[in-house]
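The numbers here are math on the coordinates, done by the rules we state, and not lab data. Here the structure is a predicted model, which is why all the values come from computation and not from measurement. When we count neighbours, we look across all protein chains shown, and the Cβ atoms used for this are built from the backbone with ideal geometry, even at glycine.
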Amino acid sequence: MWFIENYDERASLGLKVRKKLHEEQSPFQKVEVYETEFFGNLLTLDGLVMLTQKDEFVYHEMITHMPLCTLKNPERVLVVGGGDGGAIREILKHPSIKEAVLCEIDERVVRVCQKYFPEVSCKLEDPKVKMHFEDGFKFLNQYENYFDLIITDSSDPVGPGVALFKEDYYRLVKKALKPDGIMVSQSESPWYFEDTMNSMTTAMSSVFKHVETYIALVTLYPSGFWTITAASDAHSLHNFDEKRSAEISKTCKYYNPELHKGALALPNFVKNIVKNK
Ligand code: SPD
């Protein structure tokens, strides 16, 4: 039995699976879990790969530690999406964190991950974590000048996720951030989502002073060449705390200070997409 994710009419990913462990239609999307031969359990939403037990660490370490090691003293972090809890697990490795808020629209994603991905969702019940099951847009509206970091750990820009890739959303994020805060958002693959990457970085640039795209090699996302984009009025990810980064990297399987620098080096064709020269 094979799980197939079709990228478009010309390319797809195939993973050999032992069995399907879970399938349900939540109020928002189809949530499925497979046991694969090589990558451990696999979570898909509406048929698209979100994470596997074997490779999730790459994405979760990169979407959190790059901005957290850049901020001077991060205390309050919001994750929009990210119901699997992987980003929250990484955020709580930083001793300065006082509050980690998760705003996930679909409670079923959290509950399914708690059952099938316990090593990913393991910190969701930590006293520093507050979970809200609601729309990220509505949730953000209540905040002003509050978070040090806002992470958009969304699914792809189809269906309900589309709004999280637009300028209106980035303006709300900016309002909820402290003036020297940072936002990061998963920003898709330059091979398959060139237009999305271009439009979202253009929109971010009209809201924030610094916009920086970096690379995370997530094996099972389309092409394996994945990007994350950070935006801030006060910080560049190039100016990070190497000592803290080295300390955190002792707990990581991917992230380290050398990689922090290297991830910001973009191939020319990607520079042209994000105009990040
Ligand atoms: N093409 C898949 C992009 C998904 C990015 N978010 C995944 C959630 C992992 N926490």
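Here ALA11 and THR251 are evaluated by their C-beta separation; at R0 = 41 Å the FRET efficiency comes out at 0.70.
Within the chain, antiparallel bridges make up roughly 65 percent of the DSSP beta bridges whose residues both belong there.
Applied to region 250-265, the Karplus parametrisation 6.51 cos²θ - 1.76 cosθ + 1.60 on θ = phi - 60° returns per-residue 3J(HN,Hα) values of 5, 9, 10, 9, 10, 6, 7, x, 5, 5, 4, 5, x, 5, 7, 8 Hz, with x for Gly and Pro. With contributions of -39500 (n - 2.57) from each DSSP H run of at least four residues, the per-residue ellipticity at 222 nm computed over the chain stands at -8000 deg cm²/dmol. Take the Cα of SER206, go 7 Å toward its beta carbon, and the backbone nitrogen atoms of region 148-189 under 14 Å from that spot belong to 165-172. Packing order of peptides 124-136, 68-80, highest average first: 68-80, 124-136 (average count of other Cβ atoms within 10 Å over each peptide's residues).
Could you tell me which residue out of THR219, MET183, GLY161 lies farthest along the dipole of region 160-219 toward its positive end? Charges go on the beta carbon: Lys and Arg +1, Asp and Glu -1, centred on the Cα centre. After comparing all options, I get MET183.
With a cut-off of 8 Å between alpha carbons and a minimum separation of six or more residues, what is the relative contact order of the chain in percent? Result for the chain is 16 percent. With R₀ set to 25 Å, the beta-carbon distance separating ILE4 from GLU134 gives a calculated FRET efficiency near 0.15. Taking a 32 Å limit on the Cα-Cα distance, which of the listed pairs LYS16/LYS115; LYS19/LYS128; LYS30/LYS130; LYS128/LYS166; LYS16/LYS271 fall beyond it? The answer is LYS19/LYS128; LYS16/LYS271. Annotation: amide H-H contacts under 5 Å for TYR7 (H modelled 1.01 Å from N, sequence separation of 5 or more, or interchain): SER12, LEU13. Put simply, the amide H of ILE182, placed in the peptide plane, has neighbours under 5 Å in LEU149, ILE150, leaving out anything fewer than 5 places away on its chain.
Computed from backbone phi with θ = phi - 60° and the Karplus coefficients 6.51, -1.76 and 1.60, the 3J(HN,Hα) list for region 94-109 is 8, x, 6, 5, 9, 8, 10, 9, 10, 10, 10, 5, 10, 4, 4, 4 Hz; x is used for glycine and proline.
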